[in-house]
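Below: one structure in structure tokens.
Quick note: the coordinates plus some simple rules give every number you see, no bench work behind them. Small disclaimer: the values here were computed from a predicted structure and weren't measured. Please note: Cβ atoms are built from the backbone with ideal geometry, for glycine as well, and neighbour counts cover all protein chains shown.
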Amino acid sequence: MLNKVMLIGNLGADPETRFLQDGTCVCNLRLATTEKFKGRDGNQQERTEWHRIVLWGRLGEIANQYLSKGSKCYIEGKIETRKWQNKEGQDQYTTEIRGNEMKMLGGGSNQGGGSAQRGNQGGGFPSQGGNQGGGFPNQGGGGSAAKKNNDPFASGPDFGDVPVDDDIPF
């Protein structure tokens, strides 16, 4: 089965970030996507959808640091529905997108073409390229956030060297 969401939109508010007791960052975003289409009468119309995005760990910290209201970004993740009980004991549900990749799009003083992904151990990290006037520093190479293995005799990609600590150079 496939559960994958890819969105490009603008933040409707600044990121809301909190930290769990164990220090894990949880960052909530409100992302607006606008679809333009012609109505039955032939006139151009717009429909805006609002999406609740949750970014965990280092990816949430990066979003909190670099994104703000109006920022344009790409989010990739999956749809999740959570259930909890309110003060009256009634079941409540919410559906949100749990992001595992985020790319800052557009120009501006606080954003650029940087990207980050949530690694297997919860760490996000800067892209190896694609800087366009802000965001993460350009480190050369392709636009992928995963470290590339240059050994032509390697049997597959080496994901063991993915940085997951706070020694990320930016």
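If you stretched the chain out fully between ARG82 and GLU35, how much longer would it get, using 0.36 nm times the residue separation minus the C-alpha to C-alpha distance?
14.2 nm
To continue, here is another question. Which distance in Å, rounded to a whole number, links the C-alpha centroids of segment 82-99 and segment 13-61?
One Cα centre to the other: 18 Å.
If you take the alpha carbon radius of gyration of segment 28-108 and divide it by 2.2 N^0.38 Å, what ratio comes out, to two decimals?
Compared with the compact-globule rule of thumb, segment 28-108 sits at 1.40.
Once both labels are modelled 7 Å past Cα along the beta-carbon direction, what's the ARG52-THR94 spacing in nm?
That separation, rounded to one decimal, is 0.4 nm.
FRET efficiency for THR17 and ASN43, Cβ-Cβ distance as r, R0 = 41 Å, nearest 0.05? Can you show the working numbers first?
Working: r = 41 Å, r/R0 = 0.99.
E between THR17 and ASN43, to the nearest 0.05, is 0.50.
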